[in-house]
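Undergrad: My structure is below; once you've seen it, I'll send some questions.
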Amino acid sequence: MSEKLTKQELHNLAMNIVGKQLEAEGYEFLGINSKLKRDPQFVALKDKVLHFIIVRAITYPQDAHAYDPIFMETIKAHAEKFEAKTYYAGVGLGHGNDYGQPVLKDEDYTMVYKGLQQIL
């Protein structure tokens, strides 16, 4: 029987998903931090504008697109010191056959991801 992915492995998977999107959209990575509890995960430049991007791996039944507004305001205040825009990227991850089940190593997974949400 396959093992569940650890929190760090789920986080890395979410980082890869978001990182590929950013790369495809022309972002230039200035900093990447894949350790849990270290924010922001991506510091990137696009069109001469700095972006701070917070990535979270979310599992069922949590809403992948809901974020902690107090925490995000803290990140936004930090980003403003650098004249950077702040984004949240919540990636919902579940088992390939049933989103409500955990992701297992070496098995397919399902994803709920709507892209970056700008924190205004």
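Undergrad: Looking at the chain as a GNM with Cα springs under 10 Å, which of G19, G92, G100 has the largest mean-square fluctuation?
TA: G100
Undergrad: Taking other Cβ within 10 Å of each residue's Cβ, how do R38, R56 sort, fewest first?
TA: If I rank by nearby Cβ atoms, fewest first, I get R38, R56.
Undergrad: Moving on. List every residue whose amide H lies under 5 Å from the amide H of Y109, counting only residues 5 or more places away in sequence or on a different chain, with H placed 1.01 Å from N in the peptide plane.
TA: Residues meeting the amide H criterion: G96.
Undergrad: Okay, next question. Please give every one of the aspartates and glutamates within straight-line cross-link reach of K48, meaning a C-alpha to C-alpha distance under 16 Å, and leave out same-chain neighbours fewer than 8 residues apart.
TA: Of all the aspartates and glutamates, those that pass the test against K48 - Cα under 16 Å, at least 8 places apart if same chain - are E23, E25, E28, E80, E83.
Undergrad: Rounded to the nearest 500, what is the chain's calculated 222 nm mean residue ellipticity when only DSSP H runs of at least 4 contribute -39500 (n - 2.57) each, over all residues?
TA: -8000 deg cm²/dmol
Undergrad: Need the list of lysines near K46 for cross-linking: C-alpha distance under 19 angstrom, and skip anything on the same chain fewer than eight residues off.
TA: Filter leaves K20, K76, K81, K85.
Undergrad: Using the 10 angstrom Cβ neighbour count as an exposure proxy, how do T74, T86 rank, fewest first?
TA: Taking fewest neighbouring Cβ atoms as first place, the list is T74, T86.
Undergrad: What is the stretch 7-118's relative contact order, in percent, from Cα pairs under 8 angstrom and six or more apart in sequence?
TA: Once divided by the residue count of the stretch 7-118, the mean separation gives 21 percent.
Undergrad: State, in angstrom, two size descriptors of the stretch 7-118 derived from its alpha carbons: Rg to one decimal place and Dmax to the nearest whole number.
TA: When restricted to the Cα atoms of the stretch 7-118, Rg and Dmax are 14.1, 44 Å.
All of the numbers you see were taken from the coordinates with simple rules; none came from a lab. All of these numbers come straight from a predicted model, not from anything done at the bench. Please note: Cβ atoms are built from the backbone with ideal geometry, for glycine as well, and neighbour counts cover all protein chains shown.
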